[in-house]
Every structure is written in C-alpha cells, then in structure tokens.
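One structure is given here, and the rest of the page talks about it.
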Amino acid sequence: MAIIGFDTTVFPRLDYKNKEAFWSMIEGLKGLFSKNGRMVEPVLEKAPAYQKALGKLDPLIQSYTARVCPYCGTVCCANKFGFPEFADVVVFLALGLDVPRYDLDVDEEAICQFIGEKGCVLPRIQRPYRCTWYFCDPLLVQLEIGPAKDYRNFIKDLQGLSSARGDVLRTFYQIWKEIEAKSQ
C-alpha cells in the first residue's frame, strides 16, 4: 500500500501564543530556503504537484461550501484553527508564497481573522492544510447526497492532494534533518 500523507508531528510546533517564537521559527524556515537553494531544489520541484492537486479539488470544495456555509449557524473557522503549522509554512515557501501576516493577538475562539463577507479571503493555496481538508457534518452530507461521481472524484482528488503534500514534506524532512545535523 502506498503512503498517502506525511506525519507532520516530526516537525516542531509553531506556538501562536508566543509571538516571538512563532515569527522567529517562520523567519528561520525562510532563511533555510534562501540559504540552501540548491539543496532544497527537490522540495521546490515537488511543490507544483501539490498546487495542481489543490487546484483540481478547489472548484468542488468552493461549490459545496458556497451552498452550505452561508446557512450555517455555527462557523467552523475559528482563529485557533486558522494558524499554520510548521508543515504549512514549508509548503508555502516551497511554492514561493508569502506567509500571511497573522495577527496573533486575536481571540483564538473568535471567527477566523481571514473570514470575509464571502468566506475566506486567503486563496486556498495560502491557507493552512487543515482549512482545506476539514469538512463539517453538513458539508459531508451534501457531498454524500450529491452526484455519486462528484463524491468519487472528491475522494480521489483528496487522496491526490494528500499524496502530493506528503511528497513535498517527506522530501523537505530528509533535507531538513541533513541541514540540522550539519549545524550541530
């Protein structure tokens, strides 16, 4: 059986409750990418597959969230879920994206700082991974009762996304371990 995802718990935790440590770790990752250009090339080469997989999945997710989310009484998108993990930042940087400027002083239980009038204002590619793969019960019900072909494609595309992200992170992890070992 093929490995689909990647265990991100091998990476350090980004602590959004400690502003200095949070931004310091992000700056450290940016430095790792910029100072080790040739070494991180394999990561950069894997990243477009993730972007393509996300682009394939996005229209379906958008169509279903547009139908379900505006009528929901409980907004799932809270600040505490909208902060990135270390792995999210790795993927952003591998894609050449800026890391969004998170306001770490917001109430973590409040509606996510990036929710606008029509949903998230961040492009899906710049959102934490959990924001892409989290599906509340009403959304899942709509997917399940929708056309069977849409549901099958959704499952297949979600697996493709997980696989592509896993490839980026596995490749980065090997390089990161090597860089960390050299610095000790």
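The values are calculated or read from the model by the stated rules, or taken from the named source; none is laboratory data. These figures come from a predicted structure and were not determined experimentally. In this analysis, Cβ positions are derived from the backbone assuming ideal geometry, glycine residues included, and neighbour counts consider all displayed protein chains.
Would you be able to say whether some residue in the range 97-116 is surrounded by fewer than 14 Cβ atoms within 10 Å (Cβ to Cβ), modelled with pLDDT under 90 and either among the aromatic types (F, W, Y) or not in a helix (DSSP H, G or I) (or both)? There is at least one residue in the range 97-116 that is surrounded by fewer than 14 Cβ atoms within 10 Å (Cβ to Cβ), modelled with pLDDT under 90 and either among the aromatic types (F, W, Y) or not in a helix (DSSP H, G or I) (or both). Residue check: K118 meets all listed conditions (1) touching a residue at least 40 places away in the same chain (Cβ under 8 Å); (2) over 20 Å from D137 (Cα atoms) but one, namely (1).
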